[in-house]
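A.B. asks: Next up is a structure, given as structure tokens.
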Amino acid sequence: ELKEIVFVIQSQSNSFHSKRAEDLKRDILKQAADLGKELPTVLLTHQMDGHEGAWTILPLMRDFSVTYGRNSSWIFFCEEDTRIQVVKLLETLGRFDGSKEWFLGKALYDEESTIIHHYAFAENPTVFKFPDFAAGWALSIPLVNKLAKKLKSEPLKSDFTIDLKHEIALYIWQKGEGPHLTPVPEFCTSDVNSYKTDNCATTFSNFLPLCGEPVKKEDVFVAVKTCRKFHGDRIPVVKATWEREAALIEYYSDYADISIPTIDLGVPNTDRGHCGKTFAILERFLNHNSPRTPWLVIVDDDTLISIFRLRKLLSCYDPNEPVFLGERYGYGLGTGGYSYITGGGGMVFSRIAVQKLLASRCRCYSMDAPDDMVLGMCFSGLGIPITHSPLFHQARPMDYPKDYLSHQIPVSFHKHWNIDPVKVYFTWLAPNTEESLNGRKVGYNREDL
């Protein structure tokens, strides 16, 4: 029965994202009403529990077990852009015995072991499957109850959340004692309008959001963090790739080199974190740059980014809200902790977010503290939520499953290890690669990389 499914939308509190999640909730309830069925429960994770770590799902298991453990059969999770055919989903879940432990989803796997997953299953990474959240995924109630019980006796360790879908699959698998992910062909990430979706219970809107005109070039200020030792090899890559997309760009270093040119912020380079440098950039953005520029992007000198796509994405966000946007990681979320935007994929700030941050007393505890984590701590203390976009990437394209990237129009990648970064940029991020999505191949072939 439909009322035995609890729908959980992995939502966010930013106004753009919460509206998308509310629209999906309305759509699910409308489909249920049209069927004349008793309405299911639809939950939004950002409204649950007041827990900073609700987005990591596992801390919610005990609530799910207590509240729904007796009268429900399934918890079905999806993203705000997942589209659900409720009748087809009922049929699909009906094939599985809900009294047993099931972990269902569209399976992803690593083709080679990757730093994102701490080189797990290095012998043969393809053996371990984890769910593509975009297609939706489901846990049977007996499995939810088991996980809740385990979490009660063994609280989550207070460490990093980097790739949630992989980490949840590992936790459920329990080193082979728990269930593996069961692949479900009806959970799909094909576009809603594709001919491939006839048998799909779920589809995914695989597009770059655009909410009106892209923001103007002059409304995005780009700050590149560099240091003297990388002026010769990393900066030429920026200049050969995405620099031309930025109207306002400055390079911040520990040495003023007029040929680039770089600006010496008077902050010595550190081998570890760059908190001192990043806070100096934030101060400069507020005090020295045009007071009208609404957006600041801070990137590393080995970040590859599409400013062209970022301007489209930013059309969906209100610059009058405190926005801190990028790829979300978590630290210690099982025991309080905080979320943060990982720096390598690029960190995007609305001016008001920078103003609120610098007006607070929150600062680096040392000049070489990890800047991205300190920022996460500060914004968490201010009650300003992180806004996550999966289109920003802390690693290289080959560090992600091909099937996962196939339904993305990425905004950034990071690192130059063992790749030709110029080739990666022109394959994945250059403005004219948009054309390749209409069936015309442009430039390089992604399969070659």
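A.B. asks: Condition (residue is charged (D, E, K, R) and modelled with pLDDT under 95) applied to region 423-438: is it met by at least one residue?
C.D. replies: yes
A.B. asks: Okay, moving on. Sort out which residues of region 232-254 are surrounded by fewer than 17 Cβ atoms within 10 Å (Cβ to Cβ) and touching an Asp or Glu at 6+ places or on another chain (Cβ under 6 Å), and write them in order of number.
C.D. replies: Within region 232-254, A247 is the sole residue that qualifies.
A.B. asks: Additional query: Just give me the residues in region 187-205 being of a type in the set (S, T, N, Q) and open to solvent by less than 50 Å² (accessible area, probe 1.4 Å), in sequence order.
C.D. replies: Once the filter is applied, which keeps residues that are of a type in the set (S, T, N, Q) and open to solvent by less than 50 Å² (accessible area, probe 1.4 Å), region 187-205 yields T189, S190, S194, T197, T202, T203, S205.
A.B. asks: Taking V184, is it open to solvent by less than 20 Å² (accessible area, probe 1.4 Å), modelled with pLDDT of 95 or more and either farther than 24 Å from P410 by Cα or touching a Lys or Arg at 6+ places or on another chain (Cβ under 7 Å) (or both)?
C.D. replies: Yes; evaluated as a whole, the condition is true for this residue.
For every residue, the table says whether it meets (1) open to solvent by 10 Å² or more (accessible area, probe 1.4 Å); (2) touching a residue at least 12 places away in the same chain (Cβ under 8 Å); (3) in contact with a Cys (Cβ under 8 Å, 6 or more places away or on another chain).
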residue	(1), (2), (3)
G376	no, yes, no
F379	no, yes, no
L382	yes, yes, yes
S389	no, yes, no
Y400	yes, yes, no
K415	yes, yes, no
P431	yes, yes, no
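A.B. asks: Would you please list the contacts, defined by Cβ atoms under 8 Å and residues six or more apart or on different chains, that run from a residue in region 97-122 that is within 26 Å of I75 (Cα to Cα) and open to solvent by 40 Å² or more (accessible area, probe 1.4 Å) to a residue that is of a type in the set (K, R) and in a loop (DSSP other than H, G, I, E, B)?
C.D. replies: Listed by first residue and then by second, the contacts come to Y109/K129.
A.B. asks: Quick one: in region 123-143, of everything that is aliphatic (A, V, I, L, M) and in contact (Cβ under 8 Å) with a residue 40 or more places away in the chain, which residue is farthest from Y400 (Cα to Cα)?
C.D. replies: Filtering first and then ranking leaves I141.
A.B. asks: Taking the options A223, A169, A134, name whichever one is surrounded by 18 or more Cβ atoms within 10 Å (Cβ to Cβ) and assigned to a strand (DSSP E or B).
C.D. replies: That would be A223, the only listed residue that is surrounded by 18 or more Cβ atoms within 10 Å (Cβ to Cβ) and assigned to a strand (DSSP E or B).
A.B. asks: Let me ask you something else. I need a count of the residues in region 137-161 that are surrounded by fewer than 18 Cβ atoms within 10 Å (Cβ to Cβ) and either within 20 Å of the chain's Cα centre (by Cα) or assigned to a helix (DSSP H, G or I) (or both).
C.D. replies: Of the residues in region 137-161, 7 are surrounded by fewer than 18 Cβ atoms within 10 Å (Cβ to Cβ) and either within 20 Å of the chain's Cα centre (by Cα) or assigned to a helix (DSSP H, G or I) (or both).
A.B. asks: Here is a follow-up. Restricted to region 288-298, and to residues that are modelled with pLDDT under 95 and under 11 Å from D219 (Cα atoms), which residue is most open to solvent (accessible area, probe 1.4 Å)?
C.D. replies: The extreme case among them is R292.
A.B. asks: Let me ask something else about it. Can you report the number of residues in region 329-367 which are open to solvent by less than 30 Å² (accessible area, probe 1.4 Å), free of Cβ contacts under 8 Å to residues at least 40 places away in the same chain and not in a loop (DSSP other than H, G, I, E, B)?
C.D. replies: Number of matching residues: 1.
A.B. asks: If you don't mind, another one. Could we say that D301 is open to solvent by 10 Å² or more (accessible area, probe 1.4 Å) and either acidic (D, E) or assigned by the TED database to the domain that holds A369 (or both) here?
C.D. replies: Answer is no for this residue.
A.B. asks: Could you please let me know if L108 is touching a helix residue (DSSP H, G or I) at 6+ places or on another chain (Cβ under 8 Å) and within 21 Å of H407 (Cα to Cα)?
C.D. replies: The answer is yes for L108.
A.B. asks: Of the residues that sit in region 263-287 and are under 17 Å from K356 (Cα atoms) and out of contact with any strand residue (DSSP E or B) (no Cβ under 6 Å at 6 or more places or on another chain), which one is surrounded by the most Cβ atoms within 10 Å (Cβ to Cβ)?
C.D. replies: T278
A.B. asks: So which residues in region 305-328 are open to solvent by 10 Å² or more (accessible area, probe 1.4 Å) and in contact with a Pro (Cβ under 8 Å, 6 or more places away or on another chain), if there are any at all?
C.D. replies: Of everything in region 305-328, those that are open to solvent by 10 Å² or more (accessible area, probe 1.4 Å) and in contact with a Pro (Cβ under 8 Å, 6 or more places away or on another chain) turn out to be F308, R311, K312, S315, C316, P319, E327.
A.B. asks: Output the strands (runs of 3 or more DSSP E) that fall wholly within region 66-125 and possess 1 or more residues being among the small types (G, A, S), or say none.
C.D. replies: In region 66-125, the matching strands (runs of 3 or more DSSP E) lie at 103-105.
A.B. asks: Could you list all residues from region 1-57 that are touching a Leu at 6+ places or on another chain (Cβ under 8 Å), among the β-branched types (V, I, T) and not in a strand (DSSP E or B)?
C.D. replies: Selection gives T45, T56, I57.
The values are calculated or read from the model by the stated rules, or taken from the named source; none is laboratory data. A quick note: this is a predicted structure, and the numbers were derived from the prediction, not measured. Cβ sites come from the backbone with ideal geometry, for glycine too, and all protein chains shown count toward neighbours. When the accessible area is computed, the model is the full protein with side chains, heavy atoms only, and any ligands, DNA or RNA have been set aside. Shrake-Rupley method; radii C 1.70, N 1.55, O 1.52, S 1.80 Å.
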